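Below is one structure, written out as structure tokens; comments come after it.
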Amino acid sequence: MLVPPPLALYIHIPWCVRKCPYCDFNSHGLSGELPVRKYVQALVRDLEQDLPLVWGRSVHSVFFGGGTPSLFPPAAIAEILSACSARLRFAPDAEITLECNPGTAEHGRFAAYREAGVNRISFGIQSFDDGCLRRLGRIHDSAEAEAAVKSAQDDGLDNLNLDLMYALPGQDLGMALRDVERAVALAPAHVSHYHLTLEPNTVFAAKPPEGLPDEDAAWDMQDACIARLAHAGYAQYEVSAYARPGRQCRHNLNYWRFGDYLGIGAGAHGKLSLGASGEIRRRWKVKNPRDYLATAGTPASIGGDDPIAPEDRPFDYMLNALRLVDGFSLHDFEARTGMPRSGISAELDTAISRGWLQVEGDTVRPTTMGRRFTNDVIGLFLRG
Ligand SMILES: C[S@@+](CC[C@H](N)C(=O)[O-])C[C@H]1O[C@@H](n2cnc3c(N)ncnc32)[C@H](O)[C@@H]1O
Ligand code: SF4
């Protein structure tokens, strides 16, 4: 029996000062003025169109992602949040995150974001090495990155995440560790540590940068950084996520636990369980910001709205849940997919016999080896 899980709200802001050569997010380098006013109005129309899908449910987290949401002034973020909270029920302790590029963090901005209701900032730091930052095409240097984090802390925001990437062009193990050292010296609540990937249709995919570390070197970096982060009190809880106790990102945890989310904004994706019909749907909005601005709130703004077939749900669930160090409970698997646990027992047995998963009571957890072969473990659940 499908039980509607917690609900989150994702808000996409699709512009950046300049497009980074490694990035395949729906983000567009700015040319001309930012259409803040029109975009805020479009988001509200978009939300209103989707409201009947989530009637009466509470929102536990909000995430402004991008792109670069910190390009939007605090007054616009305040307007979006008050329009959303007037139409949706926000849980009293809702986590509200805003992604920030340190190159866009003017002094005094964070106090105003906080005033608007933002209580968590996620900084795109990537590296503290100025050579690496240049090779990544970033718009800021390490001094600006540190100043931005300190400015947020001075403005009373203590729930901060720093995004780092590793296996960067020209980076060795010592440099990767120094990045982690500089991050933990700023005492954030959370660190995300991503392996730089060459995504199709990016500048880096077309012309890979020189000096990329090989796979073995990248594993060594990850192992050493996990140990350094653990030593500093940041426990790994997902493939790329590390947190101090109690500071895991609630919004992302909800994705990984196959929770529900409404997505508004250009190219934003949502996933919703419709309790009454037993359906789970994935729904997304048109990607191009110009098309989105022209159509938001009308059926033409829907890029797609597809049900997840019952036979595909176990794979979809595992794609998320097996990224978590603590795995999942079979009870949650049943409640969130609407499928019986007996439907995955053959795959679980195979994974256990290969030493990839362990089961304790109701809990299924990847082993250390399972974490190294996450894609193979998930692949077992692929049907057809
Ligand atoms: C939407 S961006 C964060 C906010 C802001 N746009 C910025 O870059 O400062 C999300 C994060 O994804 C990570 N990321 C983007 N492209 C990546 C890639 N090709 N490989 C690994 N991580 C990537 C970066 O760490 C980035 O900070
Ligand atoms: S990494 Fe961030 S700043 Fe760079 S293009 Fe992607 S979304 Fe924009």
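The values are calculated or read from the model by the stated rules, or taken from the named source; none is laboratory data. These numbers come from a predicted model, not from an experiment. Don't worry about glycine lacking a Cβ; one is built from the backbone with ideal geometry, like all the others, and counts go over all protein chains shown.
Could you check Asn26 against (1) of a type outside the set (D, E, K, R); (2) under 26 Å from Gly137 (Cβ atoms); (3) assigned to a strand (DSSP E or B) and say which number it fails?
If we test Asn26 against (1) of a type outside the set (D, E, K, R); (2) under 26 Å from Gly137 (Cβ atoms); (3) assigned to a strand (DSSP E or B), just (3) comes out false.
Given the condition over 30 Å from His331 (Cα atoms), in contact with a Phe, Trp or Tyr (Cβ under 9 Å, 6 or more places away or on another chain) and in a loop (DSSP other than H, G, I, E, B), answer yes or no: does some residue in the stretch 245-265 qualify?
Checking the stretch 245-265: at least one residue is over 30 Å from His331 (Cα atoms), in contact with a Phe, Trp or Tyr (Cβ under 9 Å, 6 or more places away or on another chain) and in a loop (DSSP other than H, G, I, E, B).
Of the residues that sit in the stretch 56-83 and are hydroxyl-bearing (Ser, Thr, Tyr) and in contact with a strand residue (DSSP E or B) (Cβ under 6 Å, 6 or more places away or on another chain), which one is nearest to ligand 1 (Cβ to nearest atom)? Before you say what the answer is, go through the steps one by one.
Our first condition is that a residue be hydroxyl-bearing (Ser, Thr, Tyr); within the stretch 56-83, this holds for 58, 61, 68, 70, 82.
Then keep just the ones that are in contact with a strand residue (DSSP E or B) (Cβ under 6 Å, 6 or more places away or on another chain); that gives 58, 61, 68, 70.
Working: Ser58: 26, Ser61: 17, Thr68: 5, Ser70: 8 Å.
Selected residue: Thr68.
In the stretch 82-95, is there at least one residue being within 16 Å of ligand 2 (Cβ to nearest atom) and either in contact with a Ser or Thr (Cβ under 6 Å, 6 or more places away or on another chain) or of a type outside the set (D, E, K, R) (or both)?
No, the stretch 82-95 contains no residue that is within 16 Å of ligand 2 (Cβ to nearest atom) and either in contact with a Ser or Thr (Cβ under 6 Å, 6 or more places away or on another chain) or of a type outside the set (D, E, K, R) (or both).
Only one residue in Asp130, Asp158 is within 21 Å of the chain's Cα centre (by Cα) and more than 14 Å from ligand 1 (Cβ to nearest atom). Which one?
None of the others qualify; the one that does is Asp158.
Which numbered condition in (1) surrounded by 19 or more Cβ atoms within 10 Å (Cβ to Cβ); (2) hydroxyl-bearing (Ser, Thr, Tyr); (3) more than 16 Å from ligand 2 (Cβ to nearest atom) is the only one that Ser277 fails?
Unmet condition: (1).
When residues of the stretch 350-368 are filtered for being touching a strand residue (DSSP E or B) at 6+ places or on another chain (Cβ under 7 Å) and closer than 25 Å to Ala227 by Cα, how many remain?
Count: 7.
Output the residue which, of all residues in the stretch 20-39 that are in contact (Cβ under 8 Å) with a residue 40 or more places away in the chain and more than 18 Å from the chain's Cα centre (by Cα), is nearest to ligand 1 (Cβ to nearest atom).
Applying the filter and picking the extreme gives Pro21.
Tell me, please, whether a residue that is modelled with pLDDT of 95 or more and at positive phi can be found in the stretch 28-37.
no
Failed condition for Gly117, given (1) out of contact with any Ser or Thr (no Cβ under 7 Å at 6 or more places or on another chain); (2) closer than 22 Å to Val184 by Cβ, with all others met?
Going through (1) out of contact with any Ser or Thr (no Cβ under 7 Å at 6 or more places or on another chain); (2) closer than 22 Å to Val184 by Cβ one by one, Gly117 breaks only (2).
Looking at the stretch 135-155, which of the residues that are of a type outside the set (Lys, Arg) and within 21 Å of the chain's Cα centre (by Cα) is farthest from Tyr234 (Cα to Cα)? Spell out the reasoning first.
So the first thing to find is which residues in the stretch 135-155 are of a type outside the set (Lys, Arg), and the list is 136-137, 139-149, 151-155.
Okay, now just the ones that are also within 21 Å of the chain's Cα centre (by Cα), so 136, 145, 148-149, 152.
On the way: Leu136: 26, Ala145: 20, Ala148: 21, Val149: 18, Ala152: 20 Å.
Among those that are of a type outside the set (Lys, Arg) and within 21 Å of the chain's Cα centre (by Cα), it is Leu136.
Looking only at the stretch 26-38, which residues are within 9 Å of ligand 2 (Cβ to nearest atom) and surrounded by fewer than 16 Cβ atoms within 10 Å (Cβ to Cβ)?
Correct list: Gly29 only.
Just give me the residues in the stretch 48-91 being small (Gly, Ala, Ser), surrounded by fewer than 23 Cβ atoms within 10 Å (Cβ to Cβ) and either modelled with pLDDT under 95 or assigned to a loop (DSSP other than H, G, I, E, B) (or both), in sequence order.
The answer is Gly56, and nothing else.
Given the options Gly117, Gly103, Gly108, Gly124, name the one that is within 14 Å of ligand 1 (Cβ to nearest atom) and either on the phi > 0 side of the Ramachandran plot or in contact with a His (Cβ under 6 Å, 6 or more places away or on another chain) (or both). Even if it seems obvious, please write down each step before you answer.
Numbers: Gly117 fails: within 14 Å of ligand 1 (Cβ to nearest atom); Gly108 fails: within 14 Å of ligand 1 (Cβ to nearest atom); Gly124 fails: either on the phi > 0 side of the Ramachandran plot or in contact with a His (Cβ under 6 Å, 6 or more places away or on another chain) (or both).
The match here is Gly103.
Which fully enclosed strands (runs of 3 or more DSSP E) of the stretch 284-384 have 1 or more residues being surrounded by 13 or more Cβ atoms within 10 Å (Cβ to Cβ) and without any contact (Cβ under 8 Å) to a residue 12 or more places away in the chain?
Counting at least 1 such residues, we get 357-360.
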